[in-house]
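Comments concern the structure below.
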Amino acid sequence: MSRNRGRIIETMENVFSQSEKIPPEDMLFSYRGILFPAVISSPETLEALKSFETRSGDVILAGYPKTGTNWLGQIIGELESTDAKYTEEEMKERINAEKKLETFPRLEFGDPGIYERMKKLPSRRIIITHLPPHLLPPSILQSKAKILVLIRNRKDTAVSYYHFYNNMPVLPSFSSWDEYFSAFMNGKLAWGSYIDHLLEWNKYIDHERIMMISYEELKEDQVLGMKRIAAFFEFSLCEEDFPRIAKKTTFQAMKENSKETHGRFGDILFRKGVVGNWKDLFSKAQNEEMDRKFEDCLGGTKLAAKMKYDIYCKA
Ligand code: A3P
């Protein structure tokens, strides 16, 4: 049973109808120098988030938008519930408790009262966020909770976000790829600059409670990736659970099921689900500009090696 069933469809329909009432120039607000979508968050919510109380057993997933957070969120949900062996009744109770949050499951979404309501969620809570470390509530990094950080090659992330920006009613559209590219490079997008996120997370790469995983390594060998995740969160699964969950969470399977799980948001979210799609849109000059920026900021780092930049991002 999908944990988010019902919750996502209802909240996204609400989000779509609210977006229709907002002119493009009011769709984003700036908080501490970073843009956020006004329909799903607010400066007050981000302020209230500072007092969020993390539990040591919380399972946390952090990833910049379009790195595959919905996919990995689904995988983690499957791994966690298989380990916990919830009965159908327990699962229903969890789904109902999450539904009461009345927002799409991202830590920074919702009204400022969301964090009080989150206190009522049963453990283990699965918490997903697009925020960079410096905007996370202090309790997350101070607690014993483990954080899985999802990274994706920067060029595919840029292309995915471009289509998302232009198809998602909560975000203002761009008139061309070139206009968007410059906004991406300058961090003038919701959740700010991806390279800044990577730079920040790179500082935590050896942290014992943080594990990094890449979209590309999951695409290469999902079972192996899931085994690493299960070991990190100390989930205990049977050998045969892994291929079963992998089959359930392929791009095709999630897309086919998306009418039921995500409603019309599914058509926007499940786009291509491949590695290397950036080659369709990048000009030679844009490709070189991005390579230069990456080399200047992250060249030679452990994170660059983890991303296999030379394999996935070079023309
Ligand atoms: P594309 O736009 O390149 O297709 P997020 O969930 O963080 O918003 O990321 C969305 C990206 O993840 C989209 O990339 C989407 O297609 C891809 N995605 C979603 N489900 C997936 C799956 N099961 N397997 C692989 N990619 C998936």
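The values are calculated or read from the model by the stated rules, or taken from the named source; none is laboratory data. None of these values were measured; they are calculated from a predicted model. Glycine gets a Cβ as well: all are built from the backbone with ideal geometry, and neighbour counts include every protein chain shown. Remember, those area values only see protein heavy atoms, side chains included, never the ligands or the DNA or RNA. Shrake-Rupley method; radii C 1.70, N 1.55, O 1.52, S 1.80 Å.
Things worth noting here:
- Ellipsoid semi-axes in whole angstrom, largest first, where each is sqrt(5λ) of the Cα gyration tensor of the range 136-223: 28, 17, 12
- Among the listed pairs LYS66/LYS100; LYS21/LYS248; LYS85/LYS248; LYS120/LYS144; LYS203/LYS248; LYS100/LYS272, a Cα-Cα separation exceeding 29 Å is found for LYS21/LYS248; LYS203/LYS248; LYS100/LYS272.
- When the solvent-accessible area of the chain is split by element, carbon and sulfur atoms take up 51 percent of it, the probe being 1.4 Å.
- Three-way shape label, the range 1-160, alpha-carbon gyration tensor, a/c 1.5: rounded
- In the chain, taking the dipole from charged Cβ atoms about the Cα centre, the farthest positive-side position among TYR194, PRO112, LEU150 is held by LEU150.
- Packing-based order for 126-135, 93-102, 108-117, using average beta carbon neighbours within 10 Å, highest first: 126-135, 108-117, 93-102
- Our summary of shape: the Cα atoms of the range 5-312 have principal axis extents of 55, 45, 40 Å, ordered from largest down, in whole angstrom.
- Note on the chain: helix-only mean residue ellipticity at 222 nm, from DSSP H runs of 4+ residues weighted -39500 (n - 2.57) and normalised by residue number, equals -14000 deg cm²/dmol.
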